[in-house]
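Remarks on the structure that follows.
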Amino acid sequence: MKAVVYEEPFSVVVKDVQDPRIQHPNDVLVRVTSTAICGSDLHMYEGRTAAESGIVFGHENLGVVEEVGSGVTSLSKGDRVVMPFNVACGFCKNCLAGKTGFCLTVNPGFAGGAYGYVAMGPYTGGQAELLRVPFADFNCLKLPPGEEFETDFVLLADIFPTGYHGCELARVSPGESVAVYGAGPVGLMAAYSALLRGAAKVFSVDRVPERLAKAEEIGAIPIDFTKGDPAEQIKEQTGGEGTDKGVDAVGYQAQAHDASHEEPAIVLNALVETVRPTGMLGVPGLYVPSDPGGPDEHAKHGQLLVSIGRMFEKGQQMGTGQCNVKQYNRQLRDLIIAGRAKPSFVVSHELPLDQAPQAYEKFDKRVEGYTKVVLHPGHALAA
């Protein structure tokens with residue numbers, strides 16, 4: 001099959017790799033119809049992780065079941081399904097508690113597994129024509145047949161639930177004010193989710209004009225951090241108090257306010273200043289224990305200088321960790337079907353699989369309006 005394969009920093013290729021096969025009675029094989037490029041993929045693409053050459057990328061996957069293992073009971077050939085980026089067993093202590101992002105079974109020695117991601121287990125990614133899905137009864141979410149809502153549904157694999165998770169971590173409630181740092185795909189989904197949850201006022205902080213314009217289109221208030229301290233800009237619009245809640249949708253590659261260099265802790269510290277005393281911070285943005293490209297030795301080991309004293313002084317609380325997609329994907333699917341949510345507003349480009357190398361380059365450089373890319377392997381051109 002054709003697949004997107006990582007070669008070295010800033011280089012992926014589309015080439016033939018071995019087809020997946022049923023390895024366990026609980027597996028299914030899915031013919032991938034849509035698979036998205038995630039901002040998290042860019043961390044590997046840029047060489048900012050321990051990812052090695054040969055990994056097949058892709059953890060946001062949707063398709064049609066093509067082959068069913070003998071132990072699978074709820075799925076049939078031809079079913080249209082979307083898979084959480086979390087690979088989970090469904091029966092370990094964490095899965096039973098709903099913490100499927102921290103499954104204790106699928107990646108021995110580590111809490112959590114994912115498709116096509118460094119250190120997240122032996123699961124080939126779905127930026128390919130076929131995908132093996134383990135524990136398929138648990139991991140596949142059925143969708144209505146056909147092609148309707150295709151680009152909405154594929155976002156159920158990661159960014160829509162992850163944005164919603166940021167609001168859940170921050171306990172966003174109706175009538176509250178929320179600051180979302182980052183207006184990339186996850187940040188836009190967090191702002192959108194805050195509005196879906198009834199927030200009265202949502203601020204979206206970024207520096208990329210296209211992203212800020214998208215945020216404004218959905219009803220968020222754009223804050224350009226290159227035009228002044230974002231916390232102060234937001235306080236000016238909240239009577240000097242700050243917001244009730246805050247969400248970090250940026251993570252460890254955060255940019256300084258003048259966009260001249262990275263400051264890994266700048267968003268966390270900005271949130272501490274932005275959110276009012278006793279407010280909540282939700283941090284779905286990715287932080288890693290090892291960053292080869294970190295700006296200093298501490299950052300290279302995931303050790304950041306966070307203003308914990310200020311946070312303590314303000315009596316704030318923080319929730320963090322990757323999204324447990326299955327906590328949200330069924331409900332968010334049904335919001336899409338009912339016409340109450342249309343997350344595909346973030347999708348800027350839909351391309352065949354063979355254009356993945358160009359798409360990665362442009363998405364990484366934030367050029368030509370590349371905000372979110374969905375690849376369609378079924379329309380891949382011959383190599």
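Name the single residue that is surrounded by the most Cβ atoms within 10 Å (Cβ to Cβ) among those in region 231-272 being β-branched (V, I, T) and in a loop (DSSP other than H, G, I, E, B).
Out of the qualifying residues, it is V250.
Filter region 46-59 down to residues that are open to solvent by 10 Å² or more (accessible area, probe 1.4 Å) and of a type in the set (F, W, Y), then give me how many there are.
0
Test of understanding: among F10, F91, which residue is closer than 24 Å to G187 by Cβ and open to solvent by 40 Å² or more (accessible area, probe 1.4 Å)?
Being closer than 24 Å to G187 by Cβ and open to solvent by 40 Å² or more (accessible area, probe 1.4 Å) holds for just one of F10, F91, which is F10.
If you go through region 159-187, how many residues are farther than 21 Å from Q253 by Cβ, in a helix (DSSP H, G or I) and open to solvent by less than 10 Å² (accessible area, probe 1.4 Å)?
Total meeting the criteria: 3.
If you go through region 338-351 one residue at a time, how many are surrounded by fewer than 15 Cβ atoms within 10 Å (Cβ to Cβ) and either modelled with pLDDT under 95 or over 20 Å from T162 (Cβ atoms) (or both)?
2
Here's a check for you: in region 17-45, which residue that is of a type in the set (D, E) and more than 21 Å from F363 (Cα to Cα) is most open to solvent (accessible area, probe 1.4 Å)?
D19
Within region 273-315, which residues are under 21 Å from G184 (Cα atoms), among the hydrophobic types (A, V, I, L, M, F, W, C) and not in a loop (DSSP other than H, G, I, E, B)?
V275, L281, V283, listed by residue number.
Give the residues of region 136-158 that are farther than 18 Å from E66 by Cβ, in contact (Cβ under 8 Å) with a residue 12 or more places away in the chain and part of a loop (DSSP other than H, G, I, E, B), sorted by residue number.
Correct list: P144, F149, D158.
For region 258-271, does any single residue satisfy the condition of being touching a residue at least 12 places away in the same chain (Cβ under 8 Å) and among the hydroxyl-bearing types (S, T, Y)?
no
Given T105, T124, T151, which one is open to solvent by 40 Å² or more (accessible area, probe 1.4 Å) and within 19 Å of the chain's Cα centre (by Cα)?
Criteria check complete, one pass: T124.
Here are L96, L156, L131: which of them is at pLDDT 95 or above and surrounded by fewer than 21 Cβ atoms within 10 Å (Cβ to Cβ)?
Sole residue among the options that is at pLDDT 95 or above and surrounded by fewer than 21 Cβ atoms within 10 Å (Cβ to Cβ): L96.
Please count how many residues of region 50-96 are of a type in the set (G, A, S) and outside any loop (DSSP other than H, G, I, E, B).
1
Output yes when any residue across region 274-295 is open to solvent by less than 10 Å² (accessible area, probe 1.4 Å), at pLDDT 95 or above and closer than 16 Å to R207 by Cα, and no when none is.
Looking through region 274-295, none of the residues is open to solvent by less than 10 Å² (accessible area, probe 1.4 Å), at pLDDT 95 or above and closer than 16 Å to R207 by Cα.
Restricting attention to region 12-33, which residues are acidic (D, E) and under 18 Å from Q127 (Cβ atoms)?
D16, D19
Looking only at region 188-230, which residues are acidic (D, E) and either in a strand (DSSP E or B) or farther than 20 Å from C38 by Cβ (or both)?
If the condition is that a residue be acidic (D, E) and either in a strand (DSSP E or B) or farther than 20 Å from C38 by Cβ (or both), then D206, E216, E217, D224, D229 are the ones that fit.
Give the residues of region 1-24 that are aliphatic (A, V, I, L, M) and either part of a loop (DSSP other than H, G, I, E, B) or at pLDDT below 95 (or both), sorted by residue number.
The answer is M1, V17, I22.
Kindly indicate the residue of region 318-337 that is under 30 Å from V12 (Cα atoms) and outside any helix (DSSP H, G or I) and also most open to solvent (accessible area, probe 1.4 Å) among those meeting that condition.
Q322
The values are calculated or read from the model by the stated rules, or taken from the named source; none is laboratory data. What you see is a predicted model; the values in this text were computed from it and never measured. Please note: Cβ atoms are built from the backbone with ideal geometry, for glycine as well, and neighbour counts cover all protein chains shown. For the accessible areas, the whole protein counts, side chains as well, though only heavy atoms, and no ligand, DNA or RNA atoms are used. Shrake-Rupley method; radii C 1.70, N 1.55, O 1.52, S 1.80 Å.
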